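Down below is the structure, laid out as structure tokens.
The values are calculated or read from the model by the stated rules, or taken from the named source; none is laboratory data. Predicted, not measured: the structure shown is a model, and the values here were computed from it. When we count neighbours, we look across all protein chains shown, and the Cβ atoms used for this are built from the backbone with ideal geometry, even at glycine.
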Amino acid sequence: MKILGKGSEESNRGKPLIGLPDAFLCLRHGAEVERFLRDVGTPQEIRALTERLHVAQLLWEGGHGSYRDIHEATGVSLATITRVARFLKIEPNKGYELVFERVLGETK
């Protein structure tokens, strides 16, 4: 089963299974996204995603000190901070960058 995109698998009713991006795209506003996240994720999973986004924003903005300073301010593990930083700086996905450019109106 493809998790992110539309898979070739079908439900037992013969309809294609919905991919996660399509599920998010059909939601109209933040409150609907929040409802969906509460259905598909545990509180711990939602918290982990929220922490990663928060750390990514701090790293994106800069001026928040070292990784250790961010860890002390947020309680997020150094491993998670390092992983988020890698995705901001090295990995080709650029998903965080896309979100910050659109939501904050900032480019780097």
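Observations
- Residue match in the stretch 61-82 (condition: within 24 Å of E97 (Cα to Cα), at pLDDT below 95 and part of a helix (DSSP H, G or I)): yes
- Considered as a group, the residues in the stretch 98-107 that are out of contact with any helix residue (DSSP H, G or I) (no Cβ under 7 Å at 6 or more places or on another chain) and either in a loop (DSSP other than H, G, I, E, B) or of a type outside the set (A, V, I, L, M) (or both) include one that is surrounded by the most Cβ atoms within 10 Å (Cβ to Cβ), and that residue is E101.
- Among the residues of the stretch 49-91, just one is exposed (fewer than 11 other Cβ atoms within 10 Å of the Cβ) and under 15 Å from the mean Cα position of the chain (by Cα), namely R86.
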